[in-house]
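> This is the structure I have questions about; it appears just below.
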Amino acid sequence: MSNYHLDLDLKELREAFNSGKTKESSWRISQLHGLLHILEDKENDISMALKKDLGKHHVEAYRDEIGTVVKSINNALANLKQWMAAKKTRLPIAAFPSSASLVPEPLGVVLIISSWNFPIGLSLEPLIGALAAGNAVVLKPSELAPTCSSLLAETIRDYLDNSAVKVIEGGSDQGEKLLQYKFDKIFFTGSTHVGRIVMSAAAQHLTPVTLELGGKCPAVVDSFSSSRDNNMAAKRVVWGKFGVCAGQACIGIDYVVTEKKYLFNLIGLLKRYIKQCYGDDPNGSHSICKIINKKHFSRLKTLLDEPSVKSSIVYGGSMDEQSLFIEPTILVDPPLDAAIMTEEIFGPLLPVITLESIEDSVNFISTRPSPLALYAFTENKNLQKRLVSETSSGSIMFNDAILQYAVDTLPFGGVGGSGFGRYHGKYSFDNFSHEKVIVMRSFLIDIWFRYPPWTNQKLQLIKAGFRYDYLSVVLLALGLKRNA
Amino acid sequence: MASEEETKTSSPVFDAEAASCLMKELRGTFIAGKTKSFEWRSSQLKSLLKMVEDSDKQICDALFSDLSKPEMEAYIHEIAMIKSSCKLALKKLKDWMKAEKAKTNLGSFPSSAEIVPEPLGVVLVISAWNYPLLLSVDPVIGAIAAGNAVVLKPSELAPAMSSLLAKLFGKYLDNSAIKVIEGAVPETTALLEQKWDKIFYTGNGRVGRIVMAAAAKNLTPVVLELGGKSPVLVDSNIDLAVTARRIVSGKWGCNNGQACVAPDYIITTKKYAPVLIDSLKHNLVKFFGEDPLNSPDLSRLGHSNHFARLKNLLDDDKLAGKIIHGGQSDKSNLKIAPTIVLDAPEDSLIMNEEIFGPLLPIVTVEKIEDGIEFINSRPKPLAAYVFTNTKPLKEEFVSKISAGGVVINDVTLHLMVDTLPFGGIGDSGMGAYHGKFSFDAFSHKKAVLYRGFFGDAPARYPPYTPGKLRLLKALLDGSLFGIIRALFGFS
């Protein structure tokens, strides 16, 4: 798309916002309903697009990208009035008589850049927040999921208000062009490399940003006293790694940390559940996503090429470039300085790192960059406490994985290298709002000692006033006291 | 002079290597965990409070040296605010540090969730010269309360305060976790190259961009407290005496206009302007006397560059004949008298940059409502003020004007209320602080979710079947009835 068209589009969006229509609750509600209709009417098309771009199974597509978004829209519709309401705040007596409130207002024209792994979900979740908060929006979906990108462009054009909500498709060139414009907020989901580019561009316009990045999300797997729990934990680890976009998820389990003495049992359980979920021919099972493209496929293949890494493979390892398929693969103790242990894997390769004692996992994790999510499967309450207080991560989850994404009372976002800013539920609304402070004063009472010319008496009065020492204030004013 | 230069060359230069060592030391302190404890945070805040209480004379002297700030202003706007901020943090710290329970929904049943605040790590606070105590220490209070290690870089344009802070912090606070680095552009550049967990910057938009661009390299989140042209819309339906007093003290009684939320310019109707101007002049004389250049109750201008910039605004050809009060200046003492300018042309310098000084343009419009459009056609300011008793005008102002904060019938007040978030929007900045908002600005709110093994929906695992899809739909819908139906195989 040429700059000319971009100019026109952005001008139209700015005018739509300035006209005030996106601020009306009726507009916001109509747009949210529009999104709901897209998901209802086009569920099949969406499923097929996800199948085409990512080999995502219909059930996985519904679970992770359609169902969750429907839930979020319903949550926004149910709570919009409350979210939009002004909040009265208490004021200290010294500010009497006055009243203050906080009023959420939209930021203006916002840009959402989404990624390829959950191309529908990660486009629509922020969009819900932006619309609920009353903004005009540009959505730039990832070009690496082209079927989904054009489906979004078509459905948003047909179901939403085009003058205020636009999808601009394209690759990094288009992205760069867009970043030249001044937006009132940029919401970016993607890699740290592009995150830096986005934030640097935003800095030139003093545009605030939210960066939803990634990281190496570890899963600490302890042994439980009941074998049923051990089984369940292993099954959830398999699911948390391979069951969500074949490991290509920002909150997917990246690697496992366990105790040496539990390793043998754990590997056995992991193998068992991989077979149970994916059968003997995972490629033919259609229950696991493919790798998004040749570039990422090569990247993952290269991770395994290092001889010391290759020799640590204990399960899987087969690949098919034609179908962009990589089999669920388990590695035991690859070298900690190998790329597979220093870069975010984002694929179905699961390193299992062993430590002498499970308590060592706290130090192992805290000495590494803060991930978007940290998982720990343990019944040891002390270990749980230590992990919460001694490590840092966007979120932390015990005895399961991924689910925090679906809980809209929890803020979803990173810290440190995994990003900053948060969303989901009301946090999405807040993300795209400015909380404007409004203070109302009356003309009625005016404290004479707040004005120059300054005298010692006024100083003493003010000192007393700050201490809320009204008796002193009275005495000082009456000249019965000299110092506060 | 010579000995000053000698000292300069003999003191160690704070360069990239020094910055890197500094970061290493602070990171070590933070990782060791000591700044996270309630005891540490609380003891540092207590020491900070004691520091300010013990040193109020030295603080006033430094402020007088840097800005000729009257003792009253030093007290009200800087010392009292810091003490109040410390005391609030001490009182509320336990509450702020507590985890907050969060509700969970049916889809993740059974589970329990909470949101736990944790410190970000090692943070950088860069402050400004106009309120050099307040703007340095207030963010530091938030950083400490939130459990971080912190470096403060005070403004070199207020050198007396900068070195006083370095001395006092060294004496009263835990040096292994809290440090002051003095310096100018080279030192700040060296600091900005490091990987901070947050950068809190107060200053202007030009440097704000530089700070954010440097932060972008390390994906460091920032709070930028910038400025803008804070407008004052003055209606005729007001209490004129109170209005004029409040505007005059808000403009010239706050560091002589050198405040980010100072009223920058006034908009009023052509009809009302003469009445308002008279009252403003009357109050100016009442507060600062007939010879304001020599009034002890007015701050001087911060530094000579600042004087030159403001003088340049006044000397603009386009202002010929528009200066209706004041205009006198005293270069050697860095003073400019309170000056009122009527209807400066829209393309004059004074109407296009943040004044940050004792010059007050008055813009006249036909009807008062036109003022709102005038304000909205310009970048968003940090604060916007309106004086009126007319309810519809109040409401229109509040709903149409976008600014960090809006005050009706007064100016600058919202700064002093610690239950209100203080921050900008658009060109006036991003992020907010004061009170609990300071604590939040320097914290990460970590979501913690506890799950049990009881109640595992087989529906979530492959191999995927239509039955599983139905159950999933029901679970995500949160509909109990739907779940039961799906479980029993109906659709």
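Throughout, read-outs are computed from the coordinates displayed, never taken from laboratory work. Keep in mind that what you see is a predicted model, and the values were worked out from it rather than measured. Because the Cβ atoms are built from the backbone with ideal geometry, glycine has one as well, and the counts that use them run over all protein chains shown.
> Using only Cα atoms, tell me the angle between helix B:273-288 and the longest principal axis of chain B; keep it within 0 to 90° and round to the nearest 10.
80 degrees
> Right, another one. Could you grab the relative contact order for chain B? Cα pairs under 8 Å, six or more apart, rounded to a whole percent. Mind dumping the intermediate values first?
Working: 911 pairs, mean separation 84.9, N = 491.
After rounding, I find 17 percent.
> Also: Place a label point 7 angstrom from the Cα of B:ASP370 along the Cα-to-Cβ direction, then list the residues of the range B:323-356 whose backbone nitrogen is under 17 Å away.
Inside the label zone: B:342-347.
> So the label point goes 7 Å from the Cα of A:ALA86 along Cα→C-beta, right? Which residues of the range B:410-441 then have their backbone N under 14 Å from it?
none
> Using a Förster distance of 25 Å, how high is the FRET efficiency between A:ASP173 and A:GLN204, based on the Cβ-Cβ distance and rounded to 0.05? Walk me through the numbers before you get to the answer.
On the way: r = 18 Å, r/R0 = 0.74.
With R0 = 25 Å, the Cβ-Cβ based efficiency is 0.85.
> For the range B:208-286, give the magnitude of the charge dipole about the Cα centre (Cβ charges: +1 Lys/Arg, -1 Asp/Glu; no others), in debye to the nearest 20. Before the final figure, lay out each step's value.
Details: 10 positive and 5 negative charges, 31 e Å.
Using Cβ point charges on Lys, Arg, Asp and Glu, the range B:208-286 gives about 140 debye.
> Next question. If you average the sequence gap of Cα pairs under 8 Å that are 6 or more apart and divide by the length of the range B:314-356, what percent do you get for the contact order?
Computed over the range B:314-356, the figure is 38 percent.
> Can I ask one more? Place +1 on the Cβ of every Lys and Arg and -1 on the Cβ of every Asp and Glu in the protein assembly as shown, take the dipole about the Cα centre, and give the residue among A:LEU350, A:LEU387, B:ALA320 whose Cα lies farthest towards its positive end.
Of A:LEU350, A:LEU387, B:ALA320, it is A:LEU387.
> Nearest 500 deg cm²/dmol is fine: what mean residue ellipticity at 222 nm does chain A get from its DSSP H runs of n ≥ 4 alone, each adding -39,500 (n - 2.57), divided by its residue count?
Values: 20 runs with 214 residues, N = 484.
Result for chain A: -13500 deg cm²/dmol, rounded to the nearest 500.
> To continue, here is another question. How crowded by other chains is B:399-406, given as the mean number of beta carbons from other chains within 10 Å of each beta carbon? Show your work: numbers first, answer last.
Working: counts 6, 3, 2, 7, 5, 4, 7, 6.
The shielding value for this peptide is 5.
> I would also like to ask the following. Nearest 10 degrees, 0 to 90: what angle lies between the long axis of helix A:25-41 and the longest principal axis of chain A (Cα atoms)?
For helix A:25-41, the angle is close to 10 degrees.
> Only four residue types carry charge here, +1 at the Cβ of Lys and Arg and -1 at the Cβ of Asp and Glu. Report the dipole size of the protein assembly as shown about the Cα centre in Debye, rounded to the nearest 20. It would help to have the intermediate numbers written out before the result.
Details: 109 positive and 105 negative charges, 484 e Å.
So the dipole magnitude of the protein assembly as shown works out to roughly 2320 debye.
> Strictly over 24 Å apart at the Cα level, which of A:LYS42/A:LYS166; A:LYS241/A:LYS275; A:LYS185/A:LYS241; A:LYS23/A:LYS166; A:LYS385/B:LYS446; B:LYS46/B:LYS98 would you flag in this model? All intermediate terms of the calculation are to be shown ahead of the outcome.
Values: A:LYS42/A:LYS166 18 Å; A:LYS241/A:LYS275 14 Å; A:LYS185/A:LYS241 32 Å; A:LYS23/A:LYS166 17 Å; A:LYS385/B:LYS446 14 Å; B:LYS46/B:LYS98 20 Å.
The answer is A:LYS185/A:LYS241.
> I've got another one for you. If R₀ is 22 angstrom, what is the calculated FRET efficiency for the pair A:GLN322 and A:THR192, using the beta carbon separation as r and rounding to 0.05? Spell out each step's value before the answer.
Numbers: r = 31 Å, r/R0 = 1.39.
Efficiency, rounded to the nearest 0.05: 0.10.
> Which of the three applies to chain A, rounded, prolate or oblate, going by the alpha-carbon gyration tensor with a ≥ b ≥ c and a/c under 1.5 meaning rounded? Each step should come with its number before you reach the end.
Details: a/c = 2.49, a/b = 1.51, b/c = 1.65.
Taking the square roots of the gyration eigenvalues as a ≥ b ≥ c, chain A is oblate.
> In a solvent-free Debye calculation with one equal scatterer on each Cα, what is log10 I(q)/I(0) for the protein assembly as shown at q = 0.06, 0.08, 0.10 Å⁻¹, listed in the order of the q values?
For the protein assembly as shown at q = 0.06, 0.08, 0.10 Å⁻¹, log10 I(q)/I(0) is -0.47, -0.81, -1.18.
> Quick one: if you stick a label point 7 Å off each Cα along the C-beta vector at A:ALA153 and B:SER65, how many nm between them?
Reported label-point gap for A:ALA153 and B:SER65 is 6.5 nm.
> Which whole number gives the average count of other chain Cβ atoms within 10 Å of the Cβ atoms across peptide B:111-120? Walk me through the intermediate numbers first.
Working: counts 7, 1, 6, 2, 4, 4, 0, 8, 1, 5.
For peptide B:111-120, the averaged partner shielding equals 4.
> Over the range A:270-335, what relative contact order in percent results from Cα pairs under 8 Å that are six or more residues apart? Show your work: numbers first, answer last.
Values: 63 pairs, mean separation 20.4, N = 66.
Relative contact order for the range A:270-335 comes out at 31 percent.
> Could you list the chymotrypsin sites (Phe, Trp or Tyr not before Pro) in the range B:363-458 that lie in coil according to DSSP, counting only those with at most 12 other Cβ atoms within 10 Å of their Cβ?
Sparse-neighbourhood loop chymotrypsin sites (Phe, Trp or Tyr not before Pro): B:PHE454.
> Let me ask something additional. Across chain B, where is the longest run that never hits trypsin sites (Lys or Arg not before Pro) in a DSSP loop with at most 14 other C-beta atoms within 10 Å? List each step's numbers first, then the result.
Values: sites that count: B:LYS98, B:LYS103, B:LYS270, B:LYS271, B:LYS331, B:LYS367.
Between exposed loop sites, the widest span is B:104-269.
> So how tilted is helix B:38-54 from the main axis of chain B? Cα-based, degrees 0 to 90, rounded to 10.
Approximately 10 degrees, to the nearest 10.
> Something else about it: Regarding chain B, what's the average projected area of the Cα-atom convex hull, expressed in nm²?
Numbers: hull surface 119.8 nm².
Convex hull of Cα atoms, orientation-averaged projection: 29.9 nm².
> Restricting attention to the range A:155-253, which GluC sites (Glu not before Pro) occupy a DSSP loop and are surrounded by at most 16 other Cβ atoms within 10 Å? Please list the in-between numbers first.
Values: sites: A:GLU169, A:GLU176, A:GLU212; in loops: A:GLU169.
Sites meeting the loop and neighbour criteria: A:GLU169.
> Hey, got a sec? Which chymotrypsin sites (Phe, Trp or Tyr not before Pro) in the range B:268-332 land in a DSSP loop and have at most 16 other Cβ atoms within 10 Å?
Details: sites: B:TYR272, B:PHE287, B:PHE288, B:PHE307; in loops: B:TYR272.
Within the range B:268-332, no chymotrypsin sites (Phe, Trp or Tyr not before Pro) qualify (loop, at most 16 other Cβ atoms within 10 Å).
> Okay, next question. Which of the peptides A:378-384, B:261-267 is most tightly packed, and how do the rest follow, going by the mean number of other Cβ atoms within 10 Å of each residue? Write out the running numbers ahead of the final one.
Details: A:378-384: 15.1, B:261-267: 25.6.
In decreasing order of mean packing, A:378-384, B:261-267 become B:261-267, A:378-384.
> Describe numerically, in nm with one decimal, the distance between label points set 7 Å from Cα along Cα→Cβ at A:GLN457 and at A:GLN180.
My value for the distance between the label points is 6.6 nm.
> Among the listed pairs A:LYS235/B:LYS473; A:LYS11/A:LYS52; B:LYS92/B:LYS171, which have their C-alpha atoms separated by more than 31 angstrom in this model?
Details: A:LYS235/B:LYS473 22 Å; A:LYS11/A:LYS52 35 Å; B:LYS92/B:LYS171 26 Å.
Where the Cα-Cα span goes over 31 Å, the pairs concerned are A:LYS11/A:LYS52.
> Roughly what would the spin-label model give for B:SER377 and B:SER332, points 7 Å off Cα along C-beta, in nm?
For the pair B:SER377/B:SER332, the computed spacing is 4.6 nm.
> How high is the FRET efficiency between A:ALA78 and B:SER42 when r is their beta carbon distance and R₀ equals 25 Å, given to the nearest 0.05? If you can, show how the numbers build up before the last one.
On the way: r = 41 Å, r/R0 = 1.64.
Taking R0 as 25 Å, the efficiency between A:ALA78 and B:SER42 is 0.05.
> Considering amide H positions built from the backbone, and no H for Pro or chain starts, which residues 5 or more places from B:VAL180, or on another chain, come under 5 Å of its amide H?
B:LEU152
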